[in-house]
Amino acid sequence: MPRTLLVPGLDGSPAPHWQHWWASFDPSALIVHQDDWAAPTPEAWEAEVAGAVLQHPGAILVAHSLGCLVVARLLAHWPQLQIGGALMVAPADPSRHVRLSRFHDVPRDDLGVPATVVASRNDPWMAFDDARTLAADWNARFINYGEAGHINTAAGFGPWPYGLALRDAIVARGRSYVTPGRCRDAGPAAAQTRWVL
């Protein structure tokens, strides 16, 4: 199992958030810490995650809320990093809170790694249709998680074993992932097929 790097959102993921549970009980999982959880800046947060990836090449990034935007920015701005995949849970809309406003330029391109977006129909931090559009822009698998709030402690989530299963599915998909460069080399037909079945 590759290393799992947990990328929390605004104010971190203190106990009993599911990311904290994973870091406590899964030996492959580590939380990427930020110097200032309360006043995030895109460049600083990206740099912390990039540093963690450099220490753990091939890691799976598991992001929550604002952490999803950090991961999207990282994949857009640091293409040289070796990242095995991304699980994006309940992404946040930067227009929903002034503390997120510096993250307004959300990348809309293919993430370039196996990815899954999990969204809730009643998430106060992002409209469901906006999350689905992000998933399409990112070429990510999309999971409608029903009415699950922000998929956090306030919504009643503890260890969240289903999330671990989603992470493991990304690991399995990564073993058969075709990189964009290899698709282009294989010709026009292959370039339209991003996943080997």
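Just so you know, all these numbers are worked out from the coordinates, no wet-lab data involved. Note that this is a predicted model, so its numbers are computed, not measured. No Cβ is skipped: glycine too gets one built from the backbone with ideal geometry, and neighbour counts run over all protein chains shown.
Quick look at the numbers
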{"item": "FRET efficiency for residue 98 and residue 162, using Cβ-Cβ distance with R0 set to 25 Å, rounded to 0.05", "result": "0.15"}
{"item": "Contact order relative to length of the chain, as percent, for alpha carbon pairs under 8 angstrom and 6 or more apart", "result": "19 percent"}
{"item": "Shape of the range 1-110, Cα gyration tensor, a/c cut at 1.5", "result": "oblate"}
{"item": "Cα shape, the range 82-159, gyration tensor, a/c 1.5 rule", "result": "oblate"}
{"item": "Cα centroid separation - the range 114-135 against the range 22-69, whole Å", "result": "20 Å"}
{"item": "Ratio Rg/Rh, restricted to the chain and using Cα atoms, in which Rh is the Kirkwood radius", "result": "0.94"}
{"item": "Within-11-Å neighbourhood charge of residue 145 [Cβ basis; K, R +1; D, E -1]", "result": "-1"}
